[in-house]
Amino acid sequence: MIQVILFLVVVVCVLVGVAFFTLFERKLLGYIQLRKGPNKVGLGGVLQPFSDAIKLFSKEHVSPSTSNYSAFLIAPCFSLGLSLLMWLSIPSFFNLLSFNKSVLFFLCGLGVGVYGLLAAGWSSNSKYSLIGCLRGVAQTVSYEVSLVLILFTPLVVTVGYELGSFSSFQENLWFIFIFPAAGLIWFISCLAETNRTPFDFAEGESELVSGYNTEYSSGGFALIMLAEYTSILFMSFLFSVIFLGGDCSFFVLVSFGVMAFIFVWVRGTLPRFRYDKLMYLAWKFFLPFSISYLVLMAGLLSMLFLGFKEC
């Protein structure tokens, strides 16, 4: 019962964080584009996320007459539930939940996440939604490979599958200084994994109207957006844990905020990629580099271990 209550507390904190992260994103994009963001609802627009939530959930739910109704309703709930469930691997880091294989749990959740995207696009029975979901699934599956291989590089050092073990190995030097190229590729893969600019092909407004969520309105659209921003916050926190110290100090929250800022900064700065270049980047550059980097690091650590053993 205590674990359930703690998980519910984490869920509430994440959802409140998502609400204010959307406000932060809109304000920051406004200043990047030399305009003001939301500033009417509440003091400086601080209540704007709650106003948007009330507006979305109070609207009439509309579903296409030719859609697969059950899958159409379940897909957003599945995506949001999985995004929140992924945070189970983070609270163990703060000793809220006993979870020793949190890295494996994260990898399993990462692989299952494409089903919500696929179900949302297919069940809408719209060509735009279907093309958007197929694009999203293709790029997500492609970048999962490099994401996992890059994650194996620090795992070779920690020799464990618990996120809490990363802090003990980064007391003197962070992994971002030991594996700078791995950290950069991990961040780019996180952008592609969460369908963020410049890799937001599942939501290409110029050619797909709105992408896989074209037919969604009201609460369904709100749940899809909540799932997306929950994943962004989770990936930002995970980057801080793996590459930026990973201890339970105040600095983890600061680095988490910096990573969330970079997610928004990239959206306001870079144009959208071309889709063939996206897939070329994943399979022709990231994949060979990830494998070579992993083999190199494993070889160097083996040589060091044998050297210490002989000494």
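Derivation of every value follows stated rules applied to the coordinates shown; laboratory data play no part. All figures in this text were calculated on a predicted structure; none of them were measured in a lab. Using ideal geometry, Cβ is built from the backbone for each residue, glycine included, and neighbour counts are taken over all protein chains shown.
The Rg/Rh ratio for region 246-285 is 1.22, where Rg is the radius of gyration of the alpha carbons and Rh is the Kirkwood radius.
The long axis of helix 218-243 is offset from the longest Cα principal axis of the chain by roughly 10 degrees. Each Lys or Arg adds one and each Asp or Glu takes one away; over the other residues whose Cβ falls under 11 Å from the Cβ of Gly37, this sums to +4.
Along its first, second and third principal axes, ordered by size, region 10-81 spans 43, 30, 22 Å in Cα coordinates. Which is the longest stretch in the chain that no exposed loop site breaks, taking sites as GluC sites (Glu not before Pro) with a DSSP loop state and at most 13 other Cβ atoms within 10 Å? Between the exposed loop sites, the longest stretch runs 172-311.
Going by alpha carbons, how many degrees (0 to 90, nearest 10) lie between the helix axis of 48-58 and the longest principal axis of the chain? Tilt of helix 48-58: around 60 degrees.
Remark on the chain: hydrodynamic radius 20.7 angstrom, per the Kirkwood mean of 1/r across alpha carbon pairs. With 0.36 nm allotted per residue and the present C-alpha distance subtracted, the Lys36-Phe289 stretch has 86.9 nm of extension available.
Extension gain, Ala71 to Ser168: 0.36 nm times the residue separation minus the Cα-Cα distance gives 30.5 nm. Once the Cα-Cα distance is subtracted from the 0.36 nm per residue extended length, the Phe152 to Leu8 segment shows a gain of 48.8 nm.
Summed over qualifying helices (DSSP H, 4 residues or more, each -39500 (n - 2.57)) and divided by its residue number, the chain shows a 222 nm mean residue ellipticity of -22500 deg cm²/dmol. The share of Cα pairs per 5 Å bin across region 151-190, counted from zero up to the longest distance, runs 6, 23, 31, 27, 12, 1 percent. The trypsin sites (Lys or Arg not before Pro) of region 30-138 meeting both criteria, a DSSP state outside H, G, I, E and B (loop) and at most 15 other C-beta atoms within 10 angstrom of the site's C-beta, are Arg35, Lys36, Lys40, Lys59, Lys101.
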